[in-house]
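Enquirer: Right, I'll just put the structure down here and ask away after.
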Amino acid sequence: MKEKRAKIIVLSLAAILIISVCAGAFMYINRFKFNDPNTTGNTTGNLNNGGMFCEYDGKIYFSNPYDNGSLYRMNSDCTQAQKLSSDCVAYINTDGRRLYYVRNNSGSQRAAAVLHGYLYGVYRTGMDGSHPYTLYAKQSGAISLCGNYIYYQHYDTKTALTLYKAKIDGSENVMVSDKNYMPSSYYNGKIYFSNVSGNHSVYVMDVNNNDSMSLFFDANAYMPDMEGQYLYYIDQSAGYALMRYNPANKIKEKLIDGKCVHYNLYGTKIFAMVEGDEIHGIYRMNVDGSQKELIAQGDFNNISCTSQYTFFQYFNDNVTLYRVPTTGKITTIEQIYVK
């Protein structure tokens, strides 16, 4: 009897040990994996244009205008498109493990909501759109993945838009500033933004140093984009000219004449919507302003750049999508239909 009891105890302990090991292994395998602090979720240019397209590892994740802005994925050459979610999405970000976006499922008011920046909730999903997780469930504006936090424009009826951050595992959600700062330009651990509550000078926020803020460049700037040794921006005091500034030698350069409505910088190229004295149109140029070429006349928005193609839409048509090569020779603009 004693031997039998001892055997039962040994078997029970062995079973407990096996269960404990298996549970520990399961928790280790399924633990939340965090990012390098300098991880960025999308290019500044794409986020400044609504974050409708986001490219990663040969795939483009995008808001499909032909399907009410639903989340889709396709190859970088625009083949093999597939629907991932019926959510109407904007400000798409990814860290390679997960997707992050702002959702707006407000029916017939979707277009107006996107235009005014008031969308519904910040969400995290798998790369295939599965397992959606709510980081913030109410109205929000632009978002940007900065390391292990989503910085987002928090909206409520009393304070309108303010800047918050939510940790990507959902463990934190705190106010960063009571001002409506745009978090799109994240570079080397710092967010560069225009001080919209003051004189629109460019400030820098160190996300790895308690979100401390300091003046970076005294200018009446709009849509700043820090890339390498240059800060690109629209100068509101110079007729909305597109400029770049080198902080090392403090030299400013005008890149294109005319009123720049918005732009997207990708690699060595800039795409800009410019209202000139005679021609309104979308241009492509090198980052130093050389080799300017008019792509098409008209008023365009939602300029989104990827490695092979740059996409855009006419201002008065938020459904039809056009594309041109991002770096190759442009012979014509091509309408693309994704279903």
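Enquirer: Within segment 149-179, track down each residue that is of a type outside the set (A, V, I, L, M) and either at pLDDT below 90 or in contact with a helix residue (DSSP H, G or I) (Cβ under 6 Å, 6 or more places away or on another chain) (or both).
Expert: Across segment 149-179, the qualifying residues are Tyr155, Asp156, Thr157, Lys158, Thr159.
Enquirer: Condition check: in contact (Cβ under 8 Å) with a residue 12 or more places away in the chain, under 19 Å from Asn104 (Cα atoms) and out of contact with any Cys (no Cβ under 6 Å at 6 or more places or on another chain). Does Tyr149 satisfy that?
Expert: When the stated conditions are applied, Tyr149 does not pass them.
Enquirer: If Phe311 meets every condition in (1) farther than 27 Å from Val196 by Cβ; (2) touching a helix residue (DSSP H, G or I) at 6+ places or on another chain (Cβ under 9 Å) apart from one, which number is that one?
Expert: Every listed condition holds for Phe311 apart from (2).
Enquirer: I'm checking my understanding of the structure. Among residues of segment 169-195 that are touching a Phe, Trp or Tyr at 6+ places or on another chain (Cβ under 7 Å) and assigned to a loop (DSSP other than H, G, I, E, B), which one is surrounded by the most Cβ atoms within 10 Å (Cβ to Cβ)?
Expert: Once the filter is applied, the top-ranked residue is Pro183.
Enquirer: Continuing with the same structure: Hey, Ile251 hits all of (1) of a type in the set (A, V, I, L, M); (2) within 30 Å of Asn148 (Cβ to Cβ); (3) without any contact (Cβ under 8 Å) to a residue 12 or more places away in the chain but one; which does it fall short on?
Expert: Status for Ile251: all satisfied but (2).
Enquirer: Within segment 267-291, work out how many residues are touching a strand residue (DSSP E or B) at 6+ places or on another chain (Cβ under 7 Å), modelled with pLDDT under 95 and charged (D, E, K, R).
Expert: Matching residues across segment 267-291 total 1.
Enquirer: Here are some residues: Met205, Met243, Met223. Which one is in a strand (DSSP E or B), among the aliphatic types (A, V, I, L, M) and at positive phi?
Expert: Exactly one residue qualifies, and that residue is Met223.
Enquirer: Then there's this: Tally time: how many residues in segment 302-339 are acidic (Asp, Glu) and more than 13 Å from Cys78 (Cα to Cα)?
Expert: Matching residues across segment 302-339 total 1.
Enquirer: Can you go through Asn68, Asn35, Asn48 and tell me which one is on the phi < 0 side of the Ramachandran plot, touching a strand residue (DSSP E or B) at 6+ places or on another chain (Cβ under 7 Å) and not hydroxyl-bearing (Ser, Thr, Tyr)?
Expert: Step by step, each of Asn68, Asn35, Asn48 is checked, and only Asn48 is on the phi < 0 side of the Ramachandran plot, touching a strand residue (DSSP E or B) at 6+ places or on another chain (Cβ under 7 Å) and not hydroxyl-bearing (Ser, Thr, Tyr).
Enquirer: Taking the condition touching a residue at least 12 places away in the same chain (Cβ under 8 Å), touching a helix residue (DSSP H, G or I) at 6+ places or on another chain (Cβ under 9 Å) and under 22 Å from Ser184 (Cα atoms), does Gly69 pass?
Expert: yes
The values are calculated or read from the model by the stated rules, or taken from the named source; none is laboratory data. Note that the structure is predicted; figures quoted are calculated from it, not measured. Neighbour counts are summed over all protein chains in view; Cβ atoms, including those assigned to glycine, are modelled from backbone coordinates with ideal geometry.
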